[in-house]
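Structure, as structure tokens:
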Amino acid sequence: MAAAESYPDGLLYHPEHDWALIEGDEAVLGITWFAQDALGEIVHYEAPDVGAAIGMGEAYGEVESVKAVSDLISPLSGVVLEVNEKATGEPETINEEPYGAGWLIRVRLTDPTEIARLLSPETYRAHVAAE
Amino acid sequence: MQLIYEKSVPGRRAGTVPAYAGLAKPAVPAGLGRAAAPRLPEIAEPDLVRHITALANRNFGIDTGFYPLGSCTMKHNPRLNERAANLPGFANIHPAQSEESVQGALELMWRLQEILREVTGLDAVSLQPAAGSQGELTGLLVMRAYFADRGEDELRREIVIPDTAHGTNPASVVMAGYEVVGIKTDARGNVDVDDLRAKVGPRTAGLMITNPSTLGLFEENIHEIEQIMHGAGALMYYDGANLNAVCGVSRPGDMGFDVVHINLHKTFSQPHGGGGPGGGPIAVRGLLDPFLPKPQIVRDGEGAGAFYRLDRDRPKSIGKVRGWTGPFGVFVRSYAFIRRYGPGLREMSEAAVLNANYMLARLRDAYDVPYDRLCMHEFVISARTLKKEHGVTATDVAKRLMDFGYHPPTVYFPLVVPEALMIEPTESEAKETLDAFCDAMLEIAREAASDPAAAKAAPLTRPVRRLDEVLAAKRLVLRYAFADHPDLAAERAAASA
Amino acid sequence: MSFLSLTDADRAAMLATVGVETVEELFRDIPEAVRLRAPLALDPALTEAQLAAHLAELASRNTHTGDELSFLGYGVYDHYSPAVIDVLLARGEFLTAYTPYQPEMSQGVLQAIFEYQTAICELTGLAVSNASGYDGCTVAADACFLAAHHTGRSKVVVAETLHPMVREVVATFAPGFGMEVVTVPASGGVVDGAAWAAACEGAACAIFQTPNVFGILEDGPALAAAANACEALPVAHVDLLSLGVLEAPGAYGCALAIGEGQSAGIPMSFGGPHFGFMAARADLVRRMPGRIVGETLDSESKRAFVLTLQTREQHIRREKATSNMTTNQTLIALAGWVTLCWYGPQGLRELGELLMGLSAEVAIKAKAAGYELAFPGTTTFKEVALRVPGGGSAEEVARKARALGVNPGVPLGHDFAGLADVLLVAVTEKRTPDDIAELAEVIGQCS
């Protein structure tokens, strides 16, 4: 069952429809409701390797529906600490709980100054409304 | 229906093998012999024939009915061509035979090369590529070899491609070691010339386009595009998927293209075979001739003294792109097809274009027309309004067409048109067929308003209803697994219980 | 024109609906400068009967297998083509359909491909098969592209005993993939094991052929183990008809099995259309090129088949696709599948044993005629490399033998330096011990 549209407070957003939950010098990353809705039912999540370095605005993995592929754009630079095995094993979790059980990776931030460049929930909601 | 493996009974067989008394029985060296027999089906010939026939009955071809699959040119396949390709003198000749013993085959290939030179307006042809996309890759490697020969390969790294291009184009570009640069489409459906001009420069090796484009529109600014590309020292590649529109009307060579691939299975009627085989010869301007794959088929002398041979002495050639000299059986069929028309190939293209325009005129009020122009051999309309107002999508229209007895058009392509339906009737169809199909399309549009559920439920008349493609992508079952084979229906029932 | 239906009245009515006066007006978007204003300079149209006669005349100027006793092989073989494949090839529902994009219209082709994939997986001992590649050469290039992406490495290792045409095609495409090709020399007609192991270091994949280009069984398990030790993907290039008697490549550690399917009853047709096959380990499925059919359910839970994992393919993934392939060799691959079903497991085993027996018979009879095995101490499957007595020219022997109605095989001097005196003789189940006796007699006279 797909989730209802929402863009929670407490998260920061990237205009490519990715979110970040900042926890000290670490962050949890995922895709927004808008991104999963545009893709449709997700059938595969191609995750990065633990230990991989990822850069802000760059692709770190892919999610696929039956008829489309979408790059996962990292909202922040960091090193991958953990991949959500639930999302790789049951990718529909990303549709069902994009901000909860459907998170994608946890990273250690390599440039925390980037956080200031992310969008607030309010700004991101306006960005989605304009799409 | 059952899989053939489910019909298998131990001890049955169809084919038998001769046994010769006294023949040696060499042992397979230790460790190399088969431990467990492959579980091929065990079935006698009568049930093998029935199995194949039952499968055929669950499929739809041009022979069954109208098949307006855009960009695929699903035209009539003359049966003489099948008979000819199976002549012992064509089917039972070995590619390593001496040239003297295959003069008829080499002459046929040489003649086909000459025909393709004339139809494309170019100088030299390689018949070797196995299909259109292999023709693309071959053409790009020929372009690279040309630039390498001029010392420009390291500089020229980019190929520009419009956003309407077939997916094969960018995929081929990457496989050739080039980078893709995308070009926008303008409001009339042409290449955006300003965008092109801004993106072409010293790093550009070439342009790949289809003309008419995948929107079914002729590129009106082709002359300006040619000047931009050649002015930058770059080459022009013509994706010949849509050549059926312009045979005898306008030639890629005259448009300024330097390399063209020809889909023999589209324009020249090699049967599509459920996905192949095809043929993808390329034609090139003289400056690229030295780089074509080897061997080339050449003729020495003329008239009664003519001798046809394979020329392997081509030091600048990119090499071989497939085995031997190409799909010869495909050449027989395409050569035969063209010889039935002769210079009248132009009538073929004229009929294809008239058929498409007639259908577009009949459908334009019921569906959205993204680019309001005369079309060439195919056209793209959209179910955008049907979706917005009634929730009926291009997929729904396609599935409902099945219940009217038609193969659906290509859907959701090109990507620049939402809810796209790409319709290519070909020259093969009679006016009554076009009318009946258009009547069905109009009825489906009306029905979308009155009873949108009907399209959503379609098809009702096929061997299966709509499929769960998500299940196919997540629960990968890609072969029969015998005793371990999953029962997907039981799994679904258990999951919903 | 037989293939066109529009009458003058049809055309007039249609043009009126479009709102133009003439067909010519339909082409008004084409600039005058690029219009062809002369008729195409092609020979005049022929009637069907005239064309049939013309094609028959061309065909009559080819020597076919019914005209001479042929032992040509070298990648294309005169195997028997079971009549039952015509059932498939003649049905318009198979012949005149295209790629099954619309599964409800295409369950026949989709199920047939699924059954073909199953047969290829069974024969090769691997988990997944695609719906076919172009031929036995291009699937080797496909394997390289796959391996480069899987391993992130850029070296391809090929055995010298892999057919030179396959090596040539790999060499054509490898630079575009950013790969270099290393060839491992042969020793005594088989891969030099030590050189192979050394070359595999740092390689993306390592391709060997068994039975190899000389018809000899390679030590596949050892070659695969050496590649696996370096984390290079071992790729076996195999003959489907050998897999009733020879071990499945997947069973001895190969990551991929590829090959030319023509052996499975496909007419030689001067080199095509044939089909290439490719099977892989389960973990490589997302990197496979080409079409793959999967099983699923329809909305009423009825079993059905559909193209799956399409996100690998060019029409969705575009420049990131696993291949540019779209049209493949489906119809030919399905004809091959019918041949395999026709033989069944028992027939395929008997066929393999017969071919091994006939190839041994060639060696025995040729020895009596003064021809030694070019590579003694080896086991052959259906081809035998013979050395012409006294270092004579194999080319010359072949020329003389053809004049006597026997095409004795392929002289190897063109493709292998130092083997100008070696003749490669192929047998199929269509050749008999008597035919082999005749071959030996003729080449005995010609050396």
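Things worth noting here:
- Here the scattering of segment B:216-259 is modelled by Debye summation over its C-alpha atoms, one equal scatterer each and no solvent; at q = 0.19, 0.21 Å⁻¹ the log10 of I(q)/I(0) is -0.58, -0.70.
- Dimensions (Å) - segment C:371-447, Cα atoms, principal axes, largest first: 32, 30, 20
- For the protein assembly as shown, the Stokes-Einstein estimate of translational diffusion at 20 °C and a viscosity of 1.002 mPa s comes to 71 µm²/s, using the Kirkwood hydrodynamic radius over alpha-carbon pairs.
- At R0 = 25 Å, FRET efficiency that the Cβ-Cβ distance of C:D67 and C:D415 yields, to 0.05: 0.45
- Neighbouring Cβ atoms from other chains, within 10 Å of the Cβ of residues in B:352-362, number 5 on average.
- Apportionment of accessible area to carbon and sulfur, segment A:23-130, percent (1.4 Å): 49
- The share of Cα pairs per 5 Å bin across segment A:23-130, counted from zero up to the longest distance, runs 2, 13, 23, 24, 21, 13, 4, 0 percent.
- For segment B:347-469, with +1 on Lys and Arg beta carbons and -1 on Asp and Glu, the positive-most of B:M348, B:A455, B:A361 along the dipole: B:A455
- Among C:T183, C:T432, the sequence by solvent-accessible area, most first, with a 1.4 Å probe is C:T183, C:T432.
- Computed extension length for A:A3-A:A101: 34.1 nm, one decimal, from 0.36 nm per residue of separation with the Cα-Cα distance subtracted.
- In segment B:47-71, burial by the other protein chains removes 40 Å² or more of accessible area from B:L48, B:I52, B:L55, B:A56, B:R58, B:N59, compared with the chain on its own (1.4 Å probe, ligands and nucleic acids ignored).
- Value of relative contact order over segment B:44-197, rounded to a whole percent, pairs C-alpha under 8 Å and six or more apart: 11
- Largest-first principal axis extents of the Cα set of segment B:396-449 (Å): 31, 29, 14
- Applying the Karplus relation 6.51 cos²θ - 1.76 cosθ + 1.60 with θ = phi - 60° to segment B:315-321 yields 3J(HN,Hα) values of x, 9, 4, 5, x, 9, 10 Hz, where x marks Gly and Pro.
- Packing-based order for C:312-325, A:85-98, A:113-126, B:463-476, using average beta carbon neighbours within 10 Å, highest first: C:312-325, B:463-476, A:85-98, A:113-126
- Normalised contact order of segment B:364-416, rounded percent, pairs of Cα under 8 Å and 6 or more residues apart: 23
- Normalised by residue count, segment B:82-343 yields a Cα convex hull volume of 127 Å³ per residue.
- The smallest convex shape that holds all Cα atoms of segment C:214-297, its convex hull, gives 151 Å³ per residue.
- All lysines inside 28 Å of B:K388 as judged from Cα atoms, apart from same-chain residues fewer than 8 positions distant: A:K67, B:K184, B:K399, B:K456
- Phi to ³J(HN,Hα) by Karplus 6.51 cos²θ - 1.76 cosθ + 1.60 over segment B:473-479, Hz, x for Gly, Pro: 7, 8, 9, 5, 10, 10, 6
- Cα-based Rg of segment C:85-337 normalised by 2.2 N^0.38 Å, two decimals: 0.99
- Cysteines without a disulfide-compatible partner [chain C; Cβ-Cβ under 4.7 Å]: C:C121, C:C137, C:C144, C:C205, C:C254, C:C341, C:C446
- Peptide A:42-54, shielding by other chains (average Cβ, 10 Å cutoff): 2
- Accessible area per residue in Å² at 1.4 Å probe, computed on chain B: 32
- Drop in accessible area of at least 10 Å² in the complex versus isolated chain, residues of segment A:79-124, 1.4 Å probe: A:E92
- Charge dipole (segment A:23-130, unit charges on Cβ, about Cα centre) - positive-most of A:V83, A:I42, A:I54: A:I54
- Computed over segment B:347-469, the P(r) curve from all C-alpha pair distances, binned at 10 Å from the origin, holds 14, 46, 33, 7, 0 percent per bin.
- Within straight-line cross-link reach of C:K382, lysines at Cα separation under 23 Å, skipping those fewer than 8 residues along the same chain: B:K25, C:K365, C:K367, C:K430
- Pairing chains B and C buries close to 16600 square angstrom of accessible surface in total, based on protein heavy atoms and a 1.4 angstrom probe.
- Each principal axis of segment C:287-402 carries a Cα extent, and these read 70, 39, 29 Å when sorted largest first.
- Projecting the Cα atoms of C:A56, C:G108, C:V442 onto the dipole axis of chain C, where Lys and Arg carry +1 and Asp and Glu carry -1 at the beta carbon, places C:G108 farthest toward the positive end.
- Over chain B, equivalent-ellipsoid semi-axes from the Cα gyration tensor in Å: 38, 37, 23
- Å² per residue, accessible surface of chain C at 1.4 Å: 29
- Apportionment of accessible area to carbon and sulfur, segment B:16-64, percent (1.4 Å): 54
- Interatomic Cα distance distribution for chain C, bins of 20 angstrom, percent: 22, 48, 24, 5, 0
- Remark: spin-label model distance C:A437-B:A21 equals 1.4 nm, labels positioned 7 Å along the Cα→Cβ axis.
The values are calculated or read from the model by the stated rules, or taken from the named source; none is laboratory data. For clarity, every value in this text was computed on a predicted model and none was experimentally measured. Ideal geometry is used to build each Cβ from the backbone, glycine not excepted, and the neighbour counts take in all protein chains shown. Keep in mind that these areas ignore ligands, DNA and RNA; they rest on the heavy atoms of the full protein, side chains included. Shrake-Rupley method; radii C 1.70, N 1.55, O 1.52, S 1.80 Å.
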